Amino acid sequence: MRYSDADNACQFCAIGRSLETERTIARKTPAQLAEVAEAAVRLDGIRHMVMTTGTPNTSDRGTAYLTECARAIQQRVNLPLQAQCEPPDDFVWFDRLKAAGVDSVGMHLEAVDPAVRAKIMPGKATVPVEFYFQAFEAAVQVFGWGQVSTYLLAGLGDSLETLVSASDRLIQIGVYPFVVPFVPISGTPLAAHPAPSSELMYRLYQQVSELLNRAGMSSQDIKAGCGKCGACSATLHV
């Protein structure tokens, strides 16, 4: 309900580009995902899987369909799964995701400062940051400490202090802050937006890594997901 509407879309989002060029399909069925997951394990040695989606115009924010998909995958192959979504209206969906075979959850803030969120992601900004934190706490109760994560994109406008403070708060409630540099994507409104400096990223990673070390939180303990992969981040594997 967001990426096809310029007034609500996240300015860094490129979901629509792959659809326009017919490199993907709008809706992948649970059976299709299960087939691909089984083949990926059997042929390529895949050890965990991420399911993510644009935000459908439903109050469950896609968790109902992710639950169906997880159930189908786990019936076909035993594979650790992460489901990524916006916070659902009813946190009982976390229990349903867990029961369907989801091992970890990602709910992505991307930016923290309300002004930055309103400018860069006007649709998602209508969901208050505090509601995200309520969802984080509820999800941690279901999936466990360190098994809930959120992307923080450096370079969108949040200050170093804001990102470090948010990471500290997230870690304290058991959420892994997956901090990555913003990378502009062609064909999006932010295609010409500069990436953050290496100096900023070094200082940011150093401080967040210290917080993770102090808490004993490691990306390698995540059962599945972007944080466990870590390919688009650096120095957070502690």
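Given Gly123, Val175, Phe143, which one lies farthest toward the positive end of the charge dipole of the chain, if we put +1 on the Cβ of every Lys and Arg and -1 on the Cβ of every Asp and Glu?
Phe143
Would you list the P(r) distribution for the chain, with all Cα-Cα distances sorted into 5 Å bins from 0 and each bin expressed as a whole %?
Result, from short to long distances: 1, 7, 14, 18, 19, 19, 14, 7, 2, 0 percent.
Counting other Cβ atoms within 10 Å, keep those with at most 13, restrict to DSSP loop, and tell me which GluC sites (Glu not before Pro) in segment 1-86 are left.
Glu22
If packing is taken as the average number of other Cβ atoms within 10 Å across a peptide's residues, how do 139-149, 23-33 rank, most packed first?
Ranked from most to least packed, the peptides come out as 139-149, 23-33.
Aspartates and glutamates near Lys223 by alpha-carbon distance under 13 Å, same-chain residues fewer than 8 away left out - which ones?
Answer for Lys223, where 13 Å is the Cα cut-off: Asp103, listed by chain and number.
Hey, can you rank 95-105, 210-220 by average C-beta count inside 10 Å, highest first?
Peptide ranking by packing, descending: 95-105, 210-220.
Quick note: the coordinates plus some simple rules give every number you see, no bench work behind them. It should be emphasised that the depicted structure is a prediction, and the values quoted were computed from it without experimental measurement. Positions of Cβ are generated from backbone atoms using ideal geometry, with glycine treated the same way; all protein chains shown enter the neighbour counts.
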